[in-house]
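J.: Sharing a structure, written as structure tokens. Questions coming.
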Amino acid sequence: MKILLANNVFYPYERGGAEEVVRYLAESWSEAGHRVIVAALAPGGHKINEIKNQSSLYQTVYWSSNYYNLSNISQWRRFIWHLPDWLGFRNYFRWRKILKKFKPDIVVLNNLTGLGFQVHHLCCRLGIPSVQVVHDVQYLQPSGLLLLGKEEALVNNWLARGYKTLTEYWLKPAKVLISPSQWLMDFYQHHNWLKDNCWLKLGNPLKIHLSSAYRLPNQLRQALFVGQLTSAKGIDWLAGQWSDFNKLLLAAGLPEASLTIIGDGPLLPYLSREASLDNHLRLMGRLEHDMVLDQLKMADVLIVPSFCYENWPTILLEAASSGSLAVVVSHGGAKELAEALGYLTFEAGNLNSLFNAWSQLSLAAAKLTYWPAGEGVELMTPNDYLTKILQNIS
């Protein structure tokens, strides 16, 4: 079978979980004997022919784009940049060429921003079944970020309603819409977005094995944050409150804790200043994936303090695979996944709520060696994932 995979971000420019999923699918499906091509974006100015594919099993087609520079330009310039996606002509001829030349049996699309929203219509005209994997709220909110307290902007803003109409039009020909979380499916259907299309809840295939229990040391001393260094991820709140958090720990007779921060982003200078003022903060910058896994294995607790709605944070699954505890915000798909994995949750932006979750783990540590894992997450193999897709496009 010939399969065309697409995601706007891909190796060696990966940023988050979706890229890992696409990479794993490309490798696994190729190893299973399928012919796979991945379409992705490379930063503008890079010489595409100098980018080496990490795998000889499948082919990667990179299209030069300014997508990676969006955070550095003004809001109006970003609006203008998005227009070719919304109007359906970005990379139109590139898509038509690759679809006609490769003639895939199926097209599996992920994040489309920068790649072009019209690809499902092209597939439909050519008689090629296409599938859309929905990773976040980007088809109701262009940035893909929805913050707590800003939910009504999706229905009260005429621009948001117009954008919703455009994305419904472009993605309606998709044979199947896939979400790893029930929360995200419910969110889109609550807003009547392609409610009549075929939706499937399929967990992201990942090359991990979940632990049956998590390490619970005698005393919790090492906390970890992994993610983009942005306000939406809550890291500025967490780092800014860490000194007060340690005061709460001391007042309760618990040992102080250090916070290791892994990631890159616009808040790096601010966090560097905070770390210089608080010796309990440690800033490591961006690390390779294997090094992140090593840090998870050494940490006592992973903290996920996001102020945005997340879908199925891959870092939680990697923490569970590493046997690491986690304390996670109590909203969105992050809450759904955390509870399924057996992790505790806390209210975003509420230091006392975070302290209460930490205290609960500390009390358990006095009696237990391990914290029981949940039983609600079933990880799919790439072959099972493909089988489920094929069963629903026929």
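The values are calculated or read from the model by the stated rules, or taken from the named source; none is laboratory data. Every value quoted in this text rests on a predicted model; they were computed, and no experiment measured them. Note: ideal-geometry Cβ built from the backbone for every residue, glycine included; neighbour counts use all protein chains shown.
J.: Could you pull out the residue among Ser243, Ser179 that is in contact with a strand residue (DSSP E or B) (Cβ under 8 Å, 6 or more places away or on another chain) and among the polar types (S, T, N, Q)?
T.: Working: Ser243 fails: in contact with a strand residue (DSSP E or B) (Cβ under 8 Å, 6 or more places away or on another chain).
One residue alone meets the criteria, Ser179.
J.: Which of the residues spanning the stretch 253-289 are more than 25 Å from Ser359 (Cβ to Cβ) and acidic (Asp, Glu)?
T.: Asp264, Glu288 - these are the residues of the stretch 253-289 that are more than 25 Å from Ser359 (Cβ to Cβ) and acidic (Asp, Glu).
J.: Just checking, how many residues over the stretch 13-35 are over 14 Å from Met1 (Cα atoms), aliphatic (A, V, I, L, M) and touching a Phe, Trp or Tyr at 6+ places or on another chain (Cβ under 6 Å)?
T.: 0
J.: Next question. What is the number of the single condition among (1) under 18 Å from the mean Cα position of the chain (by Cα); (2) closer than 23 Å to Glu347 by Cβ; (3) surrounded by 19 or more Cβ atoms within 10 Å (Cβ to Cβ) that Ser231 does not meet?
T.: Evaluating Ser231 over (1) under 18 Å from the mean Cα position of the chain (by Cα); (2) closer than 23 Å to Glu347 by Cβ; (3) surrounded by 19 or more Cβ atoms within 10 Å (Cβ to Cβ) leaves (3) as the failure.
Results for (1) in a helix (DSSP H, G or I); (2) in contact (Cβ under 8 Å) with a residue 60 or more places away in the chain; (3) farther than 16 Å from Ala320 by Cα, shown as yes or no for each residue.
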| site | (1), (2), (3) |
| --- | --- |
| Ala348 | no, yes, yes |
| Ser353 | yes, no, yes |
| Asn356 | yes, no, yes |
| Leu363 | yes, no, yes |
| Gly374 | no, no, no |
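J.: Of the conditions (1) touching a residue at least 12 places away in the same chain (Cβ under 8 Å); (2) on the phi < 0 side of the Ramachandran plot, Gly332 satisfies every one except a single condition; which number is it?
T.: Evaluating Gly332 over (1) touching a residue at least 12 places away in the same chain (Cβ under 8 Å); (2) on the phi < 0 side of the Ramachandran plot leaves (2) as the failure.
J.: Provide a single number: the residues in the stretch 366-387 that are of a type in the set (A, V, I, L, M, F, W, C) and modelled with pLDDT under 90.
T.: Qualifying residue count, the stretch 366-387: 5.
J.: Can you name every residue in the stretch 171-203 that is in a strand (DSSP E or B) and either among the hydrophobic types (A, V, I, L, M, F, W, C) or crowded, with 18+ Cβ neighbours inside 10 Å (or both)?
T.: Correct list: Val176, Leu177, Ile178, Ser179, Trp199, Leu200.
J.: I would also like to ask the following. Would you be able to say whether some residue in the stretch 250-268 is among the hydroxyl-bearing types (Ser, Thr, Tyr), outside the structural domain of Leu25 (by TED's automatic domain parsing), surrounded by fewer than 20 Cβ atoms within 10 Å (Cβ to Cβ) and at pLDDT 95 or above?
T.: The first filter runs over the stretch 250-268 and keeps only residues among the hydroxyl-bearing types (Ser, Thr, Tyr), leaving 258, 260.
Those still in the list that are outside the structural domain of Leu25 (by TED's automatic domain parsing) too: 258, 260.
With surrounded by fewer than 20 Cβ atoms within 10 Å (Cβ to Cβ) added as a condition, the list becomes 258, 260.
Imposing the further condition that a residue be at pLDDT 95 or above reduces the set to 258, 260.
Checked against the condition, which is being among the hydroxyl-bearing types (Ser, Thr, Tyr), outside the structural domain of Leu25 (by TED's automatic domain parsing), surrounded by fewer than 20 Cβ atoms within 10 Å (Cβ to Cβ) and at pLDDT 95 or above, the stretch 250-268 yields at least one hit.
J.: To continue, here is another question. Tell me yes or no: at least one residue of the stretch 175-183 is more than 30 Å from Ala320 (Cβ to Cβ), in the same structural domain as Asp85 (by TED's automatic domain parsing), touching a Leu at 6+ places or on another chain (Cβ under 9 Å) and without any contact (Cβ under 8 Å) to a residue 60 or more places away in the chain.
T.: no
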